[in-house]
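Worksheet for the structure shown next.
The values are calculated or read from the model by the stated rules, or taken from the named source; none is laboratory data. Just so we're clear, the structure is a prediction, and the values are computed from it rather than from any experiment. Note: ideal-geometry Cβ built from the backbone for every residue, glycine included; neighbour counts use all protein chains shown.
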Protein chains: 2
Amino acid sequence: MAQVDTVTRILDAAEELFAEHGFAETSLRTITTRADVNLAAVNYHFGSKKALIQAVFVRFLGPFYKLVESSLDAHEKAHPDTILSIEDILRFVARAMASVTQGDRNRLAIFMRLLGLAYNQGQGHLRKFLQSEYRSLFKRVMALITKATPDLQPVERFWRFHFMLGSAAFTLSSMENLRAIVEHDFDTKCTEEDVVGYLLPFLAAGIRAK
Amino acid sequence: MAQVDTVTRILDAAEELFAEHGFAETSLRTITTRADVNLAAVNYHFGSKKALIQAVFVRFLGPFYKLVESSLDAHEKAHPDTILSIEDILRFVARAMASVTQGDRNRLAIFMRLLGLAYNQGQGHLRKFLQSEYRSLFKRVMALITKATPDLQPVERFWRFHFMLGSAAFTLSSMENLRAIVEHDFDTKCTEEDVVGYLLPFLAAGIRAK
DNA sequence: TTTTGAGTTAAACGTATGTTTCAAACAGTT
DNA sequence: AACTGTTTGAAACATACGTTTAACTCAAAA
């Protein structure tokens, strides 16, 4: 199956390069060279560069989406009518992410950086695509957060949710650089788990503020 | 003085377009067209596109830098040996930003999006430039935060500082979109001041977590 | 009035990009 | 072995980009 190999190699290369340099700054020639694949392969297998970008996201978010859904399903079946705490919710999401990205060391950073790019870059077409594709998961998590923070005004909860999202996306996406700084300035090494361990209490305290 | 006018018009146009589409996605032709200026004007006045990008940042960060410095100076002269709370520190920064961006309605979002881009995009040359240019302000603010959170371990404080930075950069840079969602989903309008009013307690609670 | 020099303009340059083409190579079926 | 549909390969295509050039404008100095 040379086809699958080619497709996978393209996705692997594109994923890394997109996360490292952004979408516009990464050319198909760079991608196909790193993937050791002919230039025309991208247009043959994906149709266009835009479609390649979307395919990268689908491969990333698909398993993540399913994992969060299924683990939430399992928990609700095992412990019905339980109200999850913010920490619980965050741990569900964090565990799914760790599971999806495990194997590759810095794939979590790639994941978050791609998410950040999707949110900021790409005039609409990518954000629209993701919003329509993953709206139901978003709503489900939001409903859990609502139950966990009953005293919060809806508008303020909305903003605090995005504050959390921003912390995670921004920090985890620059994790390599920040970890390098930590190692240089504090003579300490931080694993991804360490950083997530720092992050979750911060987020939980933030959303419960006041 | 047609010269100053041209330079300013280029900076205005570039600032908006960079924030909206990123650096690589914004061409000099788009900029000069919007600025109603000849294409060659950018290379004539700035030398290159890279230099233009840096000039945009200098015009943004220069006044901000000076304002934070001077207001901190003034406060330390008026109330020496006072330990600022986290809220106080954040208010100093927020006030300087509001002051720099006031006039244009969404210039705060542009500001933050440019900062985010500088952090994620731009292979080094921009980040290096900003780090060397504004290291002293960074260290000063960090020292204040350290005094305000004496019980925190240095490494954890470092991470929490960047969690705060991420919240602010991410949310404020997508403020237009998020405000539109709020208006659609909650039938409520949020001003920039409202969002900052939501943000500061979140950040303060986060950095004080546990 | 002539000269000077910074500023502007239109056109061109070289390069890099995404995409297309079409022939060759391949795998699986008859 | 011959055929068929799919995948690869090298080359070309058209376009968009950042940059450079050289002619031109025009106000201020000489």
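Here's the yes/no breakdown for (1) within 7 Å of chain B (Cβ to nearest Cβ); (2) farther than 26 Å from B:Ser173 by Cα; (3) touching a residue at least 24 places away in the same chain (Cβ under 8 Å); (4) in a helix (DSSP H, G or I):
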| residue | (1), (2), (3), (4) |
| --- | --- |
| A:Pro150 | no, yes, no, no |
| A:Glu156 | yes, no, no, yes |
| A:Phe161 | no, no, yes, yes |
| A:Met164 | no, no, yes, yes |
| A:Ser167 | yes, no, yes, yes |
| A:Leu172 | no, no, yes, yes |
| A:Glu176 | no, no, yes, yes |
| A:Arg179 | no, no, no, yes |
| A:Lys189 | no, yes, no, no |
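Looking at segment B:9-27 only, could you name the residues that are in a helix (DSSP H, G or I) and more than 10 Å from DNA strand C (Cβ to nearest atom)?
Within segment B:9-27, B:Leu11, B:Asp12, B:Ala13, B:Ala14, B:Glu15, B:Glu16, B:Leu17, B:Phe18, B:Ala19, B:Glu20, B:His21 qualify.
Is it the case that A:Ser173 is closer than 23 Å to B:Lys128 by Cβ and polar (S, T, N, Q)?
yes
Looking only at residues in segment A:31-57 that are in contact with an Asp or Glu (Cβ under 8 Å, 6 or more places away or on another chain) and aliphatic (A, V, I, L, M), which one is surrounded by the fewest Cβ atoms within 10 Å (Cβ to Cβ)?
A:Ala35
Checking the condition of a type in the set (Gly, Ala, Ser), touching a residue at least 12 places away in the same chain (Cβ under 8 Å) and out of contact with any strand residue (DSSP E or B) (no Cβ under 7 Å at 6 or more places or on another chain), which residue from A:Ala51, A:Ala55 passes? Before the answer, list the steps.
Details: A:Ala51 fails: touching a residue at least 12 places away in the same chain (Cβ under 8 Å).
Step by step, each of A:Ala51, A:Ala55 is checked, and only A:Ala55 is of a type in the set (Gly, Ala, Ser), touching a residue at least 12 places away in the same chain (Cβ under 8 Å) and out of contact with any strand residue (DSSP E or B) (no Cβ under 7 Å at 6 or more places or on another chain).
Could you check, for segment A:196-207, whether at least one of its residues is aromatic (Phe, Trp, Tyr), more than 16 Å from the chain's Cα centre (by Cα), crowded, with 17+ Cβ neighbours inside 10 Å and more than 18 Å from B:Arg157 (Cβ to Cβ)?
Scanning segment A:196-207 turns up no residue that is aromatic (Phe, Trp, Tyr), more than 16 Å from the chain's Cα centre (by Cα), crowded, with 17+ Cβ neighbours inside 10 Å and more than 18 Å from B:Arg157 (Cβ to Cβ).
Across segment A:58-73, what is the total count of residues that are surrounded by fewer than 14 Cβ atoms within 10 Å (Cβ to Cβ) and within 15 Å of the chain's Cα centre (by Cα)?
Qualifying residue count for the region: 2.
Please go through segment A:191-205 and give me each residue that is facing chain B (nearest Cβ under 10 Å) and hydroxyl-bearing (Ser, Thr, Tyr), ordered by number.
Listed by number, the list holds a single entry, A:Tyr198.
Could you tell me which numbered condition A:Phe111 fails, if it satisfies all but one of (1) touching a residue at least 40 places away in the same chain (Cβ under 8 Å); (2) over 15 Å from A:Leu90 (Cα atoms); (3) within 10 Å of another protein chain (Cβ to nearest Cβ); (4) within 16 Å of the chain's Cα centre (by Cα)?
(3)
So, B:Lys50, is that one part of a helix (DSSP H, G or I) and more than 16 Å from DNA strand C (Cβ to nearest atom) or not?
For B:Lys50, the condition - part of a helix (DSSP H, G or I) and more than 16 Å from DNA strand C (Cβ to nearest atom) - is not met.
Considering segment B:10-34 alone, what residues qualify as being near DNA strand D (Cβ under 9 Å from one of its atoms) and either at pLDDT 95 or above or of a type outside the set (A, V, I, L, M, F, W, C) (or both)?
B:Glu25, B:Thr26, B:Ser27, B:Leu28, B:Arg29, B:Thr30, B:Ile31, B:Thr32
Say whether the condition of being touching a helix residue (DSSP H, G or I) at 6+ places or on another chain (Cβ under 8 Å), within 28 Å of B:Met175 (Cα to Cα), within 14 Å of DNA strand C (Cβ to nearest atom) and of a type in the set (S, T, N, Q) is met by at least one residue in segment B:32-40.
Yes, segment B:32-40 contains at least one residue that is touching a helix residue (DSSP H, G or I) at 6+ places or on another chain (Cβ under 8 Å), within 28 Å of B:Met175 (Cα to Cα), within 14 Å of DNA strand C (Cβ to nearest atom) and of a type in the set (S, T, N, Q).
Given the options A:Val37, A:Val42, A:Val68, A:Val7, name the one that is within 11 Å of DNA strand D (Cβ to nearest atom), more than 14 Å from every other protein chain (Cβ to nearest Cβ), touching a residue at least 12 places away in the same chain (Cβ under 8 Å) and over 23 Å from A:His125 (Cα atoms). Steps first, answer last, please.
Values: A:Val42 fails: over 23 Å from A:His125 (Cα atoms); A:Val68 fails: within 11 Å of DNA strand D (Cβ to nearest atom); A:Val7 fails: over 23 Å from A:His125 (Cα atoms).
So the residue among A:Val37, A:Val42, A:Val68, A:Val7 that is within 11 Å of DNA strand D (Cβ to nearest atom), more than 14 Å from every other protein chain (Cβ to nearest Cβ), touching a residue at least 12 places away in the same chain (Cβ under 8 Å) and over 23 Å from A:His125 (Cα atoms) is A:Val37.
Can you find, within segment B:159-185, the residue that is surrounded by the most Cβ atoms within 10 Å (Cβ to Cβ) among those that are aromatic (Phe, Trp, Tyr) and modelled with pLDDT of 95 or more?
By that ranking, first place goes to B:Phe163.
Is it fair to say A:Thr6 is over 23 Å from A:Leu115 (Cβ atoms), in contact with a helix residue (DSSP H, G or I) (Cβ under 9 Å, 6 or more places away or on another chain), assigned to a helix (DSSP H, G or I) and more than 10 Å from DNA strand C (Cβ to nearest atom)?
It is true that A:Thr6 is over 23 Å from A:Leu115 (Cβ atoms), in contact with a helix residue (DSSP H, G or I) (Cβ under 9 Å, 6 or more places away or on another chain), assigned to a helix (DSSP H, G or I) and more than 10 Å from DNA strand C (Cβ to nearest atom).
Return a yes/no flag: does segment A:74-86 have any residue that is in contact (Cβ under 8 Å) with a residue 40 or more places away in the chain, part of a helix (DSSP H, G or I), surrounded by 13 or more Cβ atoms within 10 Å (Cβ to Cβ) and more than 10 Å from chain B (Cβ to nearest Cβ).
For segment A:74-86, residues in contact (Cβ under 8 Å) with a residue 40 or more places away in the chain, part of a helix (DSSP H, G or I), surrounded by 13 or more Cβ atoms within 10 Å (Cβ to Cβ) and more than 10 Å from chain B (Cβ to nearest Cβ): present.
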